[in-house]
Structures are given as C-alpha cells and as structure tokens.
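To start, the structure itself, in structure tokens.
The values are calculated or read from the model by the stated rules, or taken from the named source; none is laboratory data. Since the model is a prediction, treat every value here as computed from it, not as a measurement. When we count neighbours, we look across all protein chains shown, and the Cβ atoms used for this are built from the backbone with ideal geometry, even at glycine.
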Amino acid sequence: MMNIVRYICAAPLIVATTLIATTQTFASDENPDPVYVFNRICYAQVPNLDSIQEMALKLAWRSMPPEDLKQFRSFDNPSVLKGWDAQVGERLFRVGITQAGLTEKMKNTFPDLAQGTVTSCSIVLDDQQDASTFMANMQSLVGKQPVSTDVPEGLLRTTTWAGGSDTLKVFVFAKAPPTDKGGMLNVTILQK
C-alpha cells in the first residue's frame, strides 16, 4: 500500500523539492515556510502515522491535553487521535493526527473503499504567515489545480485538491480566515 502512496505522491514531492529551494529565499530556519513544515510533517508521511509519532518523540513535541484534541476529531470513534505543539524555528505549530473507519458519507461516495480507513494529519498555523503566500505554495506543493477554491466554511475559506486511484483517495485542504493570517493545512487519505 505504501508503494501506491509513494507513486501517487512522487510528482508532488518533486514539486515540493523545487518549492523548498524557492521558499528558502523568503523563509529561514527561524521563520520556516508553513507549507514546507506541512510537507515534512504531514503530506510526505500520511498514511504512515508511526513516522509522525516518531518525529514527535524525537523532536520532543509537547503533547496536547485531551480537551485541545477535540479540534482534530473529525471522525467518530477514531482509533488514533493525537496532537502536539511543535516548535519549528521560532514558530509554533499545532499538529494533529487521526485515523478511523470511513464515515457513512465516505462509504456511500467511495463504496470500493467502504471497509478501509481514513487517515488525516493537520497543522494549525500561527498568524505570522499571509494566507496568500501559503495558498500559492500549497498549489506548488500539490502540483495540480484545486477542485474548489475559497469555499466559505464557517469563518474560514477552504481550497481543496483531490486525487487518487481505485485503492486510495487523497484530499488536501488549505483553510484561511478572513484576516488572511494563519489558517490550517490538512491531508486526508482514504485507503482500502
């Protein structure tokens, strides 16, 4: 299964390498580009949650208290629900992972994956980054046009990219508030 994910993600990772070289001109070790951080922590890792948990342990991220984890609980009865405050340079990011069985809506939409799992990794951004910059960098990371752009969702605007195969579906979300400061980046994979 991981070979399929690596195959599907190979092109975006090549684009990400180019993006990393580009973003280094306006990001530094103290002020890293949030899309670079998202790529390293979530996008390049999911659905392998073990690698994210090992990273959290190795880099001594602070575990979130249970009440703070609620913001990452997007599925009923998740088998995995964990979150950390991760300091990268001088910036603090909130990282959350979750894994569960598919929801009824997902099963109806993707019946071939009905017995599978859904795995998600999110990064909540601080307000030091303009949304216009990280949205453009997300476009470069994913390497294709979004399926929807700036869709209102409560107080946020959501841009969505989608792709996949018969055995898995990949969704990437970038959410920005009306202030255009901060937001959230997410990758969600449905797999058999």
| Odd one out for K82, checked against (1) assigned to a helix (DSSP H, G or I); (2) modelled with pLDDT of 50 or more; (3) surrounded by 15 or more Cβ atoms within 10 Å (Cβ to Cβ) | (1)
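Consider segment 160-192. How many of its residues are of a type in the set (A, V, I, L, M) and in a loop (DSSP other than H, G, I, E, B)?
Let us first name the residues in segment 160-192 that are of a type in the set (A, V, I, L, M), namely 162, 168, 170, 172, 174, 176, 184-185, 187, 189-190.
Retained after the next criterion (residues that are in a loop (DSSP other than H, G, I, E, B)): none.
Qualifying residue count for the region: 0.
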| Across segment 54-79, what is the total count of residues that are in a loop (DSSP other than H, G, I, E, B) and either closer than 27 Å to G116 by Cβ or of a type in the set (A, V, I, L, M) (or both)? | 10
| request: Select from segment 47-86 the residues that are among the aliphatic types (A, V, I, L, M) and touching a helix residue (DSSP H, G or I) at 6+ places or on another chain (Cβ under 8 Å) and list them in ascending order. | output: I52, M55, V80, L81, A86
| query | Looking at segment 19-31, is at least one residue modelled with pLDDT under 50, touching a helix residue (DSSP H, G or I) at 6+ places or on another chain (Cβ under 7 Å), of a type in the set (S, T, N, Q) and not in a loop (DSSP other than H, G, I, E, B)? | reply | yes
| Any idea which of (1) outside any strand (DSSP E or B); (2) closer than 23 Å to P32 by Cα; (3) in contact (Cβ under 8 Å) with a residue 24 or more places away in the chain is the one Q115 doesn't satisfy? | (2)
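Quick check on this structure: which one of V147, V172 is at pLDDT 95 or above and either aromatic (F, W, Y) or over 18 Å from S74 (Cα atoms) (or both)? Give the steps one after another, and end with the answer.
Values: V172 fails: either aromatic (F, W, Y) or over 18 Å from S74 (Cα atoms) (or both).
Selected residue: V147, the only one of V147, V172 that is at pLDDT 95 or above and either aromatic (F, W, Y) or over 18 Å from S74 (Cα atoms) (or both).
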